[in-house]
Every structure is written in structure tokens, then in C-alpha cells.
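Please read the structure below before turning to the comments.
The values are calculated or read from the model by the stated rules, or taken from the named source; none is laboratory data. Everything numeric here is computed off the predicted structure, so don't read it as measured data. Reconstructed Cβ throughout: ideal geometry from the backbone, glycine too, with neighbour counts over all protein chains shown. Side chains are part of the model used for accessible areas, which takes the heavy atoms of the whole protein and leaves out ligands, DNA and RNA. Shrake-Rupley method; radii C 1.70, N 1.55, O 1.52, S 1.80 Å.
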Amino acid sequence: AKSHQRSSYTYFTVDMGVEIRERVRMMHALRAAFENERLFVVYQPQIDMRTGRAIGAEALLRWKTEDGQFVPPDQFIPIAEYSGLIVDIGEWVLRSACFELMELHALGFTDFKMAVNVSQAQFSHPLFLQSLERALNDTQAPAQCVELEITESMAMTDPELLIQTLQHIKRLGAQVSIDDFGTGFSSLSHLQKLNVDKLKIDRAFVNEISDKSGEGSIAKMIVQLSQSLNIKVIAEGVETEHQADTLLSFGCHLAQGYLYARPLAKADLRAWIANN
Ligand code: C2E
Ligand code: CA
Ligand code: CA
Ligand code: CA
């Protein structure tokens, strides 16, 4: 049967067929994992480097398969996006993160912020704003402590829809940051129009701040840009003291990275904040 299919559908190469089958297999496995509650959320602290204390956390999705293996998000998020599963999964991540935020506030960490990744397919879905509003209402999470991370490339596909959606999010009171900033080549005038609250310096530019070579000129430029636009800035993927010191000297006070903490399970996050 296979050879018959191959000869009748010559516009698929064999390799593409394998790849598509693998994607479909993963898509079914991901849906089953979601339904069987094998997805969970971990939280990576975001630190004010001036005090060393956590000001918030980023919610990151994890998938542990039945045989105990972790599938990296970089592998399954694209599948979730491509299949549309990201809409339901993303809503669930948002709600989980809002619930955890409320727990942390109840424990006394009242200024704690929660950042949640929102993918293109989710963000441009007609029911996205409704699901955001419902998540905020149902959990009673204060909107100003909820931050949505969108990517720079999303800023370019449908500028009008994006601007409208961002205005609606603002009316709800939630914050917006641009993730992986510097990798998507969005224009500066566009950036100004979007009126976002924070830029997140991509890990690649933090990596360039090394003891040996680069001095982090792009990271520095992004910090200066954020200052002139009067928006906040955070560096991701900070792994060394040297990077932290350099970023501080640039005027970037917020950071996230292995130097401070890895993404943590709920209980570990609580313990980490309490002891920090
Ligand atoms: P991202 O949003 O850029 O998340 C930051 C990634 O960097 C995370 O990878 C985090 O674990 C990792 N990281 C943090 N600190 C360090 C460090 O010091 N060094 C290094 N080498 N890495 C660090 P992770 O958790 O594997 O997530 C990968 C990507 O998957 C995320 O990149 C995000 O684009 C996507 N993702 C994760 N969770 C979600 C989600 O709930 N929804 C959506 N739409 N995307 C998600
Ligand atoms: Ca992110
Ligand atoms: Ca990022
Ligand atoms: Ca990144």
C-alpha cells in the first residue's frame, strides 16, 4: 500500500512523508498527554539584580511522557501551534499560572508577577481576549501582575489586529512584554506604536557578554532603546556573574537565568522565594 501511495502522490518526497507522519504521531501523543494531565507548568524566577530578590516568574510548559522522558518545548510547541492544540493548552497554562500567582499572593508575596508565553495562533484566535478575561475573573488574579509574553515576529504579521488586541489587553489591565527581542527585526516606529510594557533581551545577546570576547553591544543597545522608549527591560539566559554585572552597568536591573534559578516546580518555587 505504501509504494502505491508514494507513486500516486509524487509531490510528497519520502522524507516529507516521514516528517509529516512523525508530526501527526506527536500531535496525537500531545493531545493524549494534555487530556491525561501529563503536561505541567514550571516557574522560573525573575530577579531584581540590585537586591537579588524575585519579583516574579515565567511559566514554562513541560511534557513528561509515560516512560518518564521529557519532550523539549522547542519540539512540541511548534506541533501544538501547527495543529491548533496550542489554543486549549495555552489557555490551560494561563489559568494554571494565574492560580499559582494567587497562591503566592495569599502566601504573602503580594507584589509577585507572573509572565506567561502566548503564541501567535493563540493570540490571533478570536476568543483569546475572552479566555484571558475569564482566566482573570475566575482566579481573581490582579491583571497588573499578569504579563503576556509575545514574540517580535508576531508584531509583523497583522499590525492592525495586533494593535487592537494590545489595546484590549491594556484595558483589562494586564502587561505585555516582547520576548526574544532583537531577533525579529521589527521597526522602531512600529515598536513605539505597540506601546508594550517590557522588552526581553534574547538569550543569544546575553550569551555574547563573555569574559573573553564580545562586550554585549546589542544587549546594551536594547537597554538604551528601552530607556529612551521608557519601557522596562529584562535579560533572559543570564548564566554568569560577569553577565549580571555587565547588564547592571548597562542599566538593566531585571534578569532570569540559571545563575539564579532553573525553572522550578510549584513547591520548589515557593521554597526558593521564601529563602531568597
Ligand atoms: P522562551 O520563552 O524564550 O523561554 C526561555 C527558555 O530559556 C526556557 O526554555 C528556559 O528554560 C530557558 N532558560 C532560562 N534560563 C536559561 C539559562 O540561563 N540558560 C539557558 N541555556 N537556558 C535558559 P524552555 O522551558 O525549554 O522553553 C523553550 C521555549 O518554548 C520558550 O522559550 C517558549 O518559546 C516556548 N514555551 C515554553 N512554554 C510555553 C508555553 O506555555 N506557551 C508557549 N506558547 N510557548 C512556550
Ligand atoms: Ca518567554
Ligand atoms: Ca525568550
Ligand atoms: Ca529565547
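Kindly indicate whether residue 206 is in a helix (DSSP H, G or I), within 21 Å of residue 45 (Cβ to Cβ) and either within 11 Å of ligand 1 (Cβ to nearest atom) or in contact (Cβ under 8 Å) with a residue 24 or more places away in the chain (or both).
yes
Looking only at residues that are buried (at least 17 other Cβ atoms within 10 Å of the Cβ) and within 16 Å of ligand 1 (Cβ to nearest atom) in region 182-202, which one is modelled with the lowest pLDDT?
Across region 182-202, the extreme among qualifying residues is 182.
Being open to solvent by less than 20 Å² (accessible area, probe 1.4 Å) and among the polar types (S, T, N, Q) is the filter; apply it to region 103-162 and report the residue that is nearest to residue 73 (Cα to Cα).
Out of the qualifying residues, it is 119.
Looking at residue 222, is it assigned to a helix (DSSP H, G or I) and in contact (Cβ under 8 Å) with a residue 24 or more places away in the chain?
Yes, satisfied.
Looking only at region 227-253, which residues are within 16 Å of ligand 2 (Cβ to nearest atom) and touching a helix residue (DSSP H, G or I) at 6+ places or on another chain (Cβ under 9 Å)?
232, 233, 235, 236, 237, 238
Scan (1) free of Cβ contacts under 8 Å to residues at least 40 places away in the same chain; (2) closer than 27 Å to residue 42 by Cβ; (3) open to solvent by 70 Å² or more (accessible area, probe 1.4 Å) for the single condition residue 266 breaks and write down its number.
(1)
Among the residues of region 80-102, what is the count of those that are open to solvent by 10 Å² or more (accessible area, probe 1.4 Å) and either at pLDDT below 95 or in contact with a strand residue (DSSP E or B) (Cβ under 8 Å, 6 or more places away or on another chain) (or both)?
Adding up the residues that qualify gives 7.
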